[in-house]
C-alpha cells in the first residue's frame, strides 16, 4: 500500500507540460492523440475525486488515475484517501473471489476451459477493432 501511494504521488505531481510533450512525441505509438487527452481532461474536471475513486477499481486505468487527478487539481488529501479506500475495496474483492473460486476451481475450471478460445478470440477482435478505430485502416460506409 505504501509503495502504491508513493507511486501515485509521483504521478499526481507530474507536470501537464511534460505529459503533453510526451503525448505529442510518443502518442502515435500508443494510439493517444492530443485531442484524446483534451477530451479526457474535460471529463476528469467534471468528475474530480468521485471519478478517481471509481477509476481506481478498474485494473487497466489504475496506473493513469494519479496523472489525471494531478492535472485536474483534485486536492491531494482527497486523492490519497480515495485511493486508499478504493484499493481496500479492490483488494478485498479480488482476494475474496480468488479464495472462493480457488477452493472450487475443479468445478469452475471446466466451464472456463470450454470458453477460453472464444474469450481469447473476442479479446483479439476487440483489440483489432480499437486499432482500426484509431488508425482508420478499414473505412466503413455509413
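The values are calculated or read from the model by the stated rules, or taken from the named source; none is laboratory data. Bear in mind the structure is a predicted one, so any value in this text is a computation, not a measurement. Glycine also receives a Cβ, built like all others from the backbone with ideal geometry; neighbour counts cover every protein chain displayed.
Of the candidates 115, 108, 99, the single residue that is more than 24 Å from residue 30 (Cα to Cα), in the same structural domain as residue 37 (by TED's automatic domain parsing) and either at pLDDT 75 or above or surrounded by 15 or more Cβ atoms within 10 Å (Cβ to Cβ) (or both) is 99. Evaluate segment 73-96: report whether one residue or more is surrounded by 13 or more Cβ atoms within 10 Å (Cβ to Cβ), assigned by TED's automatic domain parsing to the domain that holds residue 39 and modelled with pLDDT under 70. Taking every residue of segment 73-96 in turn, none turns out to be surrounded by 13 or more Cβ atoms within 10 Å (Cβ to Cβ), assigned by TED's automatic domain parsing to the domain that holds residue 39 and modelled with pLDDT under 70.
Exactly one residue out of 131, 121, 138 is closer than 30 Å to residue 31 by Cα and not in a helix (DSSP H, G or I), and it is 138.
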